[in-house]
Amino acid sequence: MRRATPLLPVLAAAALLATGCGSEHADSLSAPAGASPQSSVSPVSDPGLDGVRVTGVTLPPSPTPGIVSAHASISAAYEVVNDSSEALTYTVLFDFTTATGEKMTNTRQTVYDVGPGRTVRGTVEMPLTMGSGGDMNVAQVKVSEVTGVPAAEAPAAPGKCLPSGVNVTVDEGDAAMGLRVVGLWLENCGTADYQVEGYPRLTVLDADREPVDGVKVLQGGDAITTALTGSEGPPRPVTLKPGERARADLVWRNTTGAGRAVDAPYVRVRAKSGAAPVMVTPHLDLGTTGKLGVGPWKAAER
């Protein structure tokens with residue numbers, strides 16, 4: 001199985017500014033979003049890594065001195081080549097940085113269901129913001145991280161549902177003083193009620209999406225910390241009506257000591273025993289603790 005690890009930075013010369021979104025499409029390449037007759041489209045010659053590379057950037061026309069257009073933007077064209085033997089869903093993190101590499105902002109792009117041997121091309125856009133300051137220092141765009149999960153186990157795309165009738169996703173989480181808390185979200189996207197009770201079934205996976213030896217999955221966040229994380233308490237039955245969600249927290253510490261540090265990008269999740277697996281990417285930097293706490297499913301506030 002092809003390794004899908006975080007990439008070394010893949011730099012694309014670009015210039016300027018702020019928060020972003022993106023799009024993808026298969027086997028074709030059009031001018032990046034935001035391009036206009038006045039925009040400067042610059043090709044990029046870069047071999048890329050692990051099948052992902054930036055192919056060009058679009059710069060907005062120079063604004064009137066002292067005025068920044070809220071509608072101008074820069075965008076980077078990219079392509080993803082799947083040279084593995086299975087369909088993969090990729091998530092790419094694009095950083096917008098200064099000329100010296102300081103990150104000013106970033107945005108994630110998910111490219112769904114790239115078949116073996118297929119090439120998908122798309123654009124990622126970073127609109128300008130009003131005003132000046134830190135935004136105006138952005139001078140480069142780079143791919144700073146890439147993960148790929150088998151398309152058959154990937155979370156559903158927005159607005160869609162898995163054949164099981166439920167979807168599992170992971171949020172960005174919180175971090176403080178070496179403690180990490182990341183939320184698993186279970187959504188009933190089907191047409192019938194869905195019941196869970198207890199804890200998600202987890203398999204911790206390494207960068208090759210193979211099980212990691214020596215990691216203990218413990219029930220309850222209080223097995224990791226005395227701090228209140230929301231993952232405490234006994235499990236209770238949860239019935240999700242269509243459109244409702246439940247949450248279970250992953251809790252760990254990334255402290256290091258003697259032994260081998262564990263970095264596990266992927267987790268295979270089963271909402272309950274016998275449920276179809278969904279692979280998510282919480283990026284578990286477990287340090288040398290070798291422990292991961294998981295809280296019980298709890299109904300999310302409506």
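How many nm separate the modelled label positions at Cys161 and Ala227, each set 7 Å beyond the Cα in the direction of the Cβ?
It works out to 3.7 nm between the two label points.
Which lysines have a Cα lying under 18 Å from the Cα of Lys241, excluding residues fewer than 8 positions away in the same chain?
The reachable lysines, counting only those whose Cα sits under 18 Å from Lys241, are Lys160, Lys272, Lys298.
Classify the stretch 177-217 from the C-alpha gyration tensor, please: rounded if a/c falls under 1.5, else prolate or oblate depending on whether a/b exceeds b/c.
Here the stretch 177-217 falls in the prolate category.
How much length, in nm to one decimal, is gained on full extension between Gln219 and Trp185, taken as 0.36 nm per residue of separation minus their Cα-Cα distance?
That pair, Gln219 and Trp185, stretches by 10.5 nm at full extension.
Under a crude label model (7 Å from the Cα following the beta-carbon direction), how far is Asp171 from Ala152 in nanometres?
With each label point 7 Å from Cα toward Cβ, the separation is 3.2 nm.
Just the number, please: carbon plus sulfur as a percent of the accessible area of the stretch 99-245, 1.4 Å probe, no ligands or DNA/RNA counted.
49 percent
Pull out the extension gain between Ala300 and Thr239, defined as 0.36 nm times the separation in residues minus the alpha carbon to alpha carbon distance; nm, one decimal.
20.9 nm
The values are calculated or read from the model by the stated rules, or taken from the named source; none is laboratory data. On a predicted model such as this, the values are computed, not experimentally measured, just so you know. Every residue, glycine among them, receives a Cβ derived from its backbone with ideal geometry; neighbour counts consider all protein chains shown. Please note that ligands, DNA and RNA were not included when accessible areas were found on the heavy atoms of the full protein model with its side chains. Shrake-Rupley method; radii C 1.70, N 1.55, O 1.52, S 1.80 Å.
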